[in-house]
Amino acid sequence: MVTNNLRDIPTDTESGKRTLAVRLGDPRTRTLHLGLLATPFVMSLALVAATPWALVGLLAAPLAVRAHAPVRSGGLGLELLPALRDTALAMLVWAVTTGIALAFG
């Protein structure tokens, strides 16, 4: 959703919508995107206390890097569409691999 709201900042601002992205502005919304993408991987490291298998969640990290690339490079509008897809894919892979790891742990 952050990517979608980032893409919509100009039109939301014009229409008077006060989304979090509008309130934060473009640069801080891009930083928020990175922070939210990094959070599951930090959790993988924390979950190692429960089982070392939690590190399997880090397999999704390359997908997260790919998801953040259009955001990091300053993409606008349609350039951000791949980030929507890739963010969802990265989080799905992280959730499934981490869930399996915790079940085995």
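The values are calculated or read from the model by the stated rules, or taken from the named source; none is laboratory data. Not measured: the values here are computed from a predicted model. All Cβ positions, glycine included, derive from the backbone under ideal geometry; neighbour counts span all protein chains shown.
Annotations for the structure displayed:
- Qualifying residue in the range 25-41 (condition: more than 16 Å from the chain's Cα centre (by Cα) and at pLDDT 95 or above): yes
- Apart from one condition, G57 fits all of (1) part of a helix (DSSP H, G or I); (2) within 24 Å of L20 (Cα to Cα); (3) out of contact with any Lys or Arg (no Cβ under 6 Å at 6 or more places or on another chain); the exception is (2).
- Qualifying residues in the range 94-105 (those that are surrounded by 18 or more Cβ atoms within 10 Å (Cβ to Cβ) and either basic (K, R) or closer than 14 Å to T39 by Cα (or both)) - the one nearest to the chain's Cα centre (by Cα): W94
- Test: residue in the range 87-105 that is more than 28 Å from L47 (Cα to Cα) and assigned to a helix (DSSP H, G or I): no
- Hits in the range 1-34 - residues which are assigned to a helix (DSSP H, G or I) and of a type in the set (V, I, T): V2, T3, I9, T11, T13, V22, T29, T31
- The conditions of being surrounded by fewer than 13 Cβ atoms within 10 Å (Cβ to Cβ), of a type outside the set (A, V, I, L, M) and more than 23 Å from L81 (Cα to Cα) are not met by G57.
- Among the residues of the range 72-105, those identified as hydrophobic (A, V, I, L, M, F, W, C), in contact (Cβ under 8 Å) with a residue 40 or more places away in the chain, touching a helix residue (DSSP H, G or I) at 6+ places or on another chain (Cβ under 6 Å) and closer than 15 Å to A54 by Cα are W94, A101, F104.
- Complete set of residues in the range 61-81 that are within 30 Å of D12 (Cβ to Cβ) and either touching a strand residue (DSSP E or B) at 6+ places or on another chain (Cβ under 9 Å) or crowded, with 16+ Cβ neighbours inside 10 Å (or both): L63, A64, R66, A67, H68, P70, V71, G75, L80
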